[in-house]
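Okay, structure first, notes after.
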Amino acid sequence: MINGQTRTCGIIGNPVKHTISPIIHNSLADRLGHNLVYVPFPVKEGDLEAAVKGAYALDILGMNVTVPYKSEVIKHLAEVDELAAGIGAVNTLVRTDGGYKGYNTDMSGLWRAMSGEGIRIEGEEIILIGAGGAARAVAYLCAKQGAGKVYLLNRTLEKAKLIADEVNGSFGRTVIVPMLLSDYTELPDRKFLAIQATSVGLEPHDDEVIIEDEAFYQKIHTGYDLIYKPFNTRFMKLVRAAGGQAYNGLKMLIYQGIDAYELWNDVKLNAEDVEFVYDRIKEEMGLQA
Ligand code: ATR
C-alpha cells in the first residue's frame, strides 16, 4: 500500500521500457515488507543533470542508471565508489548528504554471482572475449581482484589494446594481454576461465557464437557468458560439450539488483531472498533451463 511514508527508487535511462529492475525491487520490497516503490524514469538526451538534481530534490532514495548514461552520470554525483570510478561507469546512485554516491553493482554483482558458483578470479588465468563497455568493466574487475593474466580477445585489436593500456596503467602491472580474436590458437596450452562479453549469440541470434572451433573449448574449464537470453547460449553448450562448466549472466543481473537494494535499504539479503528473485525473474522473462 502506497502511503505518506513510501520511499521511491527508480531507474533512469533511455529507453527504460524493457527494464526488469522494477520487478526485482518491487518483489523484494513486497517480500521484505519494506515501504518502497521502484519505477522507470525515461530521461531524454540533455536532461540528465536535471533528472539527477530533481531526483535528489524529490527525496528519491536511490536510482539505477542504464544506457546511455552510465558514464555521463558521474559528473553529477557528490561521490563515486572506488570500483565504479576505476571502471568509469556507474549504475547505482545512493542518497548521501549533499548528493548521490555512485556505485557499479554490475561488476560487484558479477563478482558475487561468480563467487556464489565457486568461481575464482584471484590468481586465475582468464580469457575475456570482447572489448565493448561490458568487457572493459570485466577487465578492470579481473585486475582488481588479482587475476593472473587476462587474455583479452577481440575482433578489433585496437579496442582490446586501448583497454589493456588503460587497465594495466591503473594497476601498474601487465595483467591484460590484448589479442586478435582469430589468434586464439596462440593462447598458452592450459585450461582457462573464459568470460564471454560480446553480444554474439544474443536472442534472436541463438545459433551464433564468437568462436566455432571445438579445439578452443578444450582450453576452457569454466565458461561464463554475460548473456542470459537464451538461457543456454551456444557458447555455453560448446563449453559443456568440451567437458567444462558453463554459466549464463542471469545471476549477475540478479546480483546487480540485490547489491543496489542492499545499499539503498542498509540490509543484507539471504540466499533464499536471492533464490526468490531469481525464480521470479526467470518466470517473468519466460526463461527455461
Ligand atoms: P557493450 O554493450 O558491452 O558496450 P559493444 O560496445 O556493442 O558492447 O561491443 C560489442 C563487442 O562485441 C565488441 O567487442 C565487438 O567487437 P568489435 O570491437 O570488433 O566491434 C563484439 N562483436 C559484436 N559482434 C561481433 C561479431 N559478429 N564478431 C566478433 N565480435 C563481435
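What percent antiparallel are the DSSP beta bridges of the chain, to the nearest 5?
Among the beta bridges of the chain, antiparallel pairing accounts for roughly 20 percent.
Compute the Rg/Rh shape ratio of the stretch 2-97: radius of gyration over Kirkwood radius, all on alpha-carbon atoms.
For the stretch 2-97, the value is 0.96.
Mind checking which lysines have their C-alpha under 19 Å from K161, skipping anything on the same chain fewer than 8 residues away?
Of all the lysines, those that pass the test against K161 - Cα under 19 Å, at least 8 places apart if same chain - are K144, K149.
Tell me the trypsin sites (Lys or Arg not before Pro) within the stretch 66-135 that lie in a loop according to DSSP and have at most 15 other beta-carbon atoms within 10 Å.
Filter output for the stretch 66-135: R120.
Could you give the length gained on full extension between K53 and N270, defined as 0.36 nm per residue of separation minus the Cα-Cα distance, in nm?
74.8 nm
Just from its helices, what would the mean residue ellipticity at 222 nm be for the chain, if runs of 4 or more DSSP H residues each count -39500 (n - 2.57) and the sum is divided by every residue, rounded to the nearest 500 deg cm²/dmol?
Only helices count here, giving -11500 deg cm²/dmol.
For the stretch 215-283: lysine pairs with Cα atoms under 26 Å, gap of 8 or more or different chains, count?
Lysine pairs satisfying the spacing and distance rule in the stretch 215-283 number 11.
So which aspartates and glutamates can K44 reach, going by Cα to Cα under 15 Å and dropping same-chain residues fewer than 8 places off?
Of all the aspartates and glutamates, those that pass the test against K44 - Cα under 15 Å, at least 8 places apart if same chain - are E72.
Suppose we look only past 14 Å in the calculated P(r) of the stretch 192-277. What percent of the Cα-Cα pairs does that tail hold?
65 percent
Binning every alpha carbon pair distance of the chain at 10 Å from zero, what are the percents per bin?
Calculated over all Cα pairs of the chain, the distribution is 6, 28, 34, 23, 8, 1, 0 percent.
Under a Cβ-Cβ cut-off of 15 Å, what is the net charge of the residues other than M252 that fall near it, where Lys and Arg count +1 and Asp and Glu count -1?
Every neighbour counted, the sum reads 0.
Just the Cα atoms of the stretch 101-224: what Rg and Dmax do they give in Å?
According to the Cα coordinates of the stretch 101-224, Rg and Dmax are 13.9, 46 Å.
So how do 3-15, 248-260 stack up, highest first, on mean other-Cβ count within 10 Å?
Ranking the peptides 3-15, 248-260 by packing returns 248-260, 3-15.
Quick note: the coordinates plus some simple rules give every number you see, no bench work behind them. Please read all numbers here as calculations on a predicted model, not as lab measurements. Cβ atoms come from the backbone with ideal geometry, glycine included; neighbour counts cover every protein chain shown.
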